[in-house]
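Q: First the structure, which I've put down as structure tokens, then a few questions once you've had a look.
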Amino acid sequence: MKGAITNSLCSLRKKHGFTQKDIAEIASITSNYYQMIEYGKKAPTVYIALRLAKALGTTVEELFTE
């Protein structure tokens, strides 16, 4: 789909040995909200995208792509 945002949350999370709950806690968001972002059902705010990238040791640009 043109213009769709994809993310590498799942692969990076697993690479670092984190659960969805772990990353949600680190980013100070609910597990449900994190799952929706990871599955591509919700787009995070810039602030949350920055916290997720920091938690996974990457940049927002590497985490989310069009």
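What follows draws every value from the coordinates through simple rules; no lab data is involved. What you are looking at is a predicted structure, and each value in this text was computed from that prediction instead of being measured. All Cβ positions, glycine included, derive from the backbone under ideal geometry; neighbour counts span all protein chains shown.
Q: Quick one: in the chain, what % of C-alpha pairs are over 17 Å apart?
A: Values: 643 of 2145 pairs.
For the chain, the fraction of Cα-Cα distances above 17 Å is 30 percent.
Q: In a shell of Cβ-Cβ distance under 14 Å around Ala49, excluding Ala49 itself, what net charge do Lys and Arg (+1) and Asp and Glu (-1) give?
A: -1
Q: Would you check the chain for Lys pairs whose C-alpha atoms are within less than 24 Å, ignoring same-chain pairs closer than 8 in sequence, and give me the count?
A: So the count works out to 13.
Q: Hey, another quick one. Work through the residues other than Lys21 whose Cβ is under 13 Å from its Cβ and net out their charges, Lys, Arg +1 and Asp, Glu -1.
A: Details: positive: Arg13; negative: Asp22, Glu25, Glu38.
Within the 13 Å Cβ shell, the charges total -2.
Q: Run the quick spin-label model on Lys54 and Glu25: label points 7 Å from Cα toward the beta carbon, then report their separation in nm to one decimal.
A: Here the answer is 1.8 nm between the modelled labels.
Q: Under 5 Å between amide H atoms, partner at least 5 residues away or on a different chain: which partners does Ala43 have, H built in plane at 1.01 Å?
A: When sequence neighbours closer than 5 places are left aside, there are no close amide H contacts.
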